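Q: The structure that follows is given in the form of structure tokens.
The values are calculated or read from the model by the stated rules, or taken from the named source; none is laboratory data. Keep in mind it's a predicted model, so treat the numbers as computed, not measured. Positions of Cβ are backbone-derived with ideal geometry, glycine not excepted, and every protein chain shown enters the neighbour counts. Side chains are part of the model used for accessible areas, which takes the heavy atoms of the whole protein and leaves out ligands, DNA and RNA. Shrake-Rupley method; radii C 1.70, N 1.55, O 1.52, S 1.80 Å.
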Amino acid sequence: MPAVGGMLLGDGKKEYPGNLTPFVMVTCIVAAMGGLIFGYDIGISGGVTSMDSFLEEFFPKVYRKKNLMATKNQYCKYDSPTLTMFTSSLYLAALLASIVASTVTRKFGRRLSMLFGGVLFCSGAIINGFAKAVWMLILGRVLLGFGIGFTNQSVPLYLSEMAPYRFRGALNIGFQLSITVGILIANVLNYFFAKIKGGWGWRLSLGGAMVPALIITIGSLVLPDTPNSMIERGQHEEAKKKLQRVRGVEDVEEEFQDLVAASQASKTVEHPWTNLLQRKYRPHLTMAILIPFFQQLTGINVIMFYAPVLFNTIGFKTNASLMSAVITGSVNVAATIVSIYGVDKWGRRFLFLEGGIQMLICQAVVTAAIAAKFGVSGIAEDLPQWYAIVVVLFICIYVAGFAWSWGPLGWLVPSEIFPLEIRSAAQSMNVSVNMIFTFAVAQVFLMMLCHLKFGLFIFFAFFVCIMTVFIYFFLPETKGIPIEEMGKVWKTHWYWSRFVTDSEYHIGALEMGKGGQTDRK
């Protein structure tokens, strides 16, 4: 039976009364638009770097290697540290911004952090759109990175705190859906802007980032802050009224008191960054580091950053490569919708494991296909149509596997498992690790492709295998657990229970009882 007034259910889970109100739906949709700026940038950067007019103006050495030199080695024609710095500088800036964003998000609320993100991203888009030199491109990318650092730190937290726990997975994945929509929009725009006569379409592609930036900037001004954040800043009366509106019921006393208790406990923590190192937070710290680490080493950003470049490298013409990127972007959006449907129905672990196996199989097929045609020389003539279809098909299946597993869950799971006292710091750790390895992969991908050749896909497949095993053994299921009761999943886990004692975690006002079996199945 469902619980009333925050009572514990027979299986030990706690339920709070509340509904999925139109108010929550609208606020979560608007907040999730923060993902548009991240997705748009991921999609746009790979597209413009495959446009000859862009390369000729800013990266003439790459242009000559691609179009004028006699070499036919497809693996190495885009290898340029300067070109990869154009893409990857954004993620280094996002890393730095996410650390500052932790303090802003905790002390001033999630909305202000979103506002900063939108304004900074808009500034970077304007500079890039009017760029006349490489330094302007890099400056614009750095500002874009600052914007992404703030929004990626605050939006997942906002969604996890605002959503009713029964729908937290689906609403939080709205952030990832916005990322995929942003990628798709960018791919479509690149395809059409590349056709503009005069070769200035890349300016529209880069400057167009102002649109998603304005959406999240305006959205942050009209959104309410979360009850958790308001309580954290001492606004208890306003927080209770907001919680009643968010849940759509008057009886929110039990949940409100649990939020207040969690906030009071969090205020005893003077140094949240130092406290992350405490033994009882070992599970949280591990997930905050390894989930984003593995997410980037799936190889997905190789596909999404450089999809047009990659397809061009394996024999597609420029327009065909841009269209192939549109196809993979469409698959990305559709598969993310599948995740929204299934995450609170099938659970996080099932999607993680299924997606990992699917990606591993696809990487093996793509590796074999590229090795068979290009070998180690990187030279192939007259690629048949069936070959192109096979490569695009299995890359699409690979993208689908990521888009309903590691893509959305890489943001959802870390944002929902952290206790309030370390939540902002831990989320910053999550974003920082994500950006470190996004930067690293973006910076070295083209060099690795040149040297490892088709072995690059074997490199990523190895990590997909490792991370799937990691999820099977070490990630407990968090489906249907209220965010303030999440400590329970560690206490009942076969491995993490050795780090968490009964006295260190409470379920609401009730101390969590001993027992529970492993969630590993």
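Q: Expressed in nm to one decimal, what extension gain is obtained for the pair residue 236 and residue 82 from 0.36 nm per residue of sequence separation less their Cα-Cα distance? Walk me through the intermediate numbers first.
A: On the way: separation 154, 0.36 × 154 = 55.44 nm, distance 5.13 nm.
Contour length minus the Cα-Cα distance gives 50.3 nm.
Q: Here's a follow-up. Filter the GluC sites (Glu not before Pro) in region 200-262 down to the DSSP loop ones having no more than 13 other Cβ atoms within 10 Å, then list what survives. Write out the running numbers ahead of the final one.
A: Values: sites: 232, 237, 238, 250, 253, 254, 255; in loops: 250.
Passing both the DSSP loop test and the Cβ count: 250.
Q: Which residue, chosen from 105, 332, 351, occupies the Cα position most advanced towards the positive end of the dipole of the chain, where the dipole is computed from +1 (Lys, Arg) and -1 (Asp, Glu) charges on Cβ about the Cα centre?
A: Checking the options against the dipole of the chain, the answer is 332.
Q: Take residue 251 and residue 334, extend 7 Å from each Cα along the Cα→Cβ direction, and tell me the distance between the two endpoints in nm.
A: 4.5 nm
Q: How tilted is helix 236-247 with respect to the longest principal axis of the chain? Cα atoms for both, answer in degrees (0 to 90, nearest 10).
A: Roughly 70 degrees between the two axes.
Q: Using the heavy atoms of the protein chains alone and a 1.4 angstrom probe, what is the accessible area of the chain per residue in square angstrom?
A: On the way: 19290 Å² over 521 residues.
Result: 37 Å² of accessible area for each residue.
Q: While we're on this one: Starting with the highest mean, order 408-417, 473-482 by the number of other Cβ atoms within 10 Å, averaged over the residues of each peptide. Could the numbers behind the result be given before it?
A: Details: 408-417: 26.3, 473-482: 18.7.
Listed from highest to lowest mean packing, they are 408-417, 473-482.
Q: How large is ³J(HN,Hα), in whole Hz, for each residue of region 277-284 in order, when computed from phi with the Karplus curve 6.51 cos²θ - 1.76 cosθ + 1.60 and θ = phi - 60°, using x for Gly and Pro?
A: 7, 5, 4, 5, 9, 4, x, 5
Q: Per the helix-only calculation at 222 nm, which mean residue ellipticity applies to the chain, given -39500 (n - 2.57) for every DSSP H run of n ≥ 4 and division by its residues, nearest 500 deg cm²/dmol?
A: Numbers: 23 runs with 372 residues, N = 521.
Rounded to the nearest 500, it is -23500 deg cm²/dmol.
Q: Let me ask another. Just to confirm a number: summing +1 for Lys and Arg and -1 for Asp and Glu over residues other than residue 206 whose beta-carbon lies under 10 angstrom from that of residue 206, what do you get?
A: Details: positive: 141, 203; negative: 41.
Residues near residue 206 contribute +1 overall.
Q: Another question about this same structure. Computed FRET efficiency, Cβ-Cβ of residue 277 and residue 136, R0 56 Å: what is it to the nearest 0.05?
A: Working: r = 41 Å, r/R0 = 0.73.
Computed FRET efficiency for residue 277 and residue 136 comes out at 0.85.
Q: Also, quick follow-up: Looking at the square roots a ≥ b ≥ c of the eigenvalues of the Cα gyration tensor of region 204-275, which shape do they give, rounded for a/c under 1.5, prolate if a/b is larger than b/c, or oblate?
A: The shape class here is oblate.
Q: Which whole-Hz couplings ³J(HN,Hα) result when phi for each residue of region 205-217 is put into the Karplus expression 6.51 cos²θ - 1.76 cosθ + 1.60, θ = phi - 60°, listed in order with x for Gly and Pro?
A: For region 205-217, the Karplus curve yields 4, 6, x, x, 4, 4, 5, x, 5, 5, 4, 6, 5 Hz.
Q: Using a simple spin-label model with points 7 Å from Cα along the Cα→Cβ vector, what separation in nm is obtained for residue 354 and residue 103?
A: Placing both labels 7 Å beyond Cα along the Cβ direction yields 4.4 nm.
Q: Okay, next question. What trypsin sites (Lys or Arg not before Pro) in region 194-261 are in a loop by DSSP, with at most 14 other Cβ atoms within 10 Å of the Cβ? Write out the running numbers ahead of the final one.
A: On the way: sites: 195, 197, 203, 233, 240, 241, 242, 245, 247; in loops: 195, 197, 233.
Hits after loop and neighbour filter: 195, 197.
Q: I'd like the carbon and sulfur percentage of the solvent accessible area for region 69-227, probe radius 1.4 Å, heavy atoms only, ligands and nucleic acids excluded. Working shown, then result.
A: On the way: 4170 of 5360 Å².
The C+S portion of the solvent-accessible surface of region 69-227 is 78 percent.
Q: Let me ask you something else. Strictly over 22 Å apart at the Cα level, which of 240/491; 66/197; 280/488 would you flag in this model?
A: Numbers: 240/491 30 Å; 66/197 20 Å; 280/488 12 Å.
Cα-Cα > 22 Å for 240/491; rest within.
Q: Within the accessible area of region 353-477, what % is carbon and sulfur when the probe is 1.4 Å and the other protein chains stay in place?
A: On the way: 3300 of 4130 Å².
Here it works out to 80 percent.
Q: Related question: From the Cα gyration tensor of the chain, with a ≥ b ≥ c the square roots of its eigenvalues, which class applies: rounded if a/c is under 1.5, or else prolate if a/b is larger than b/c, or else oblate? Could you put the intermediate results ahead of the total?
A: Values: a/c = 2.23, a/b = 1.66, b/c = 1.34.
The shape class here is prolate.
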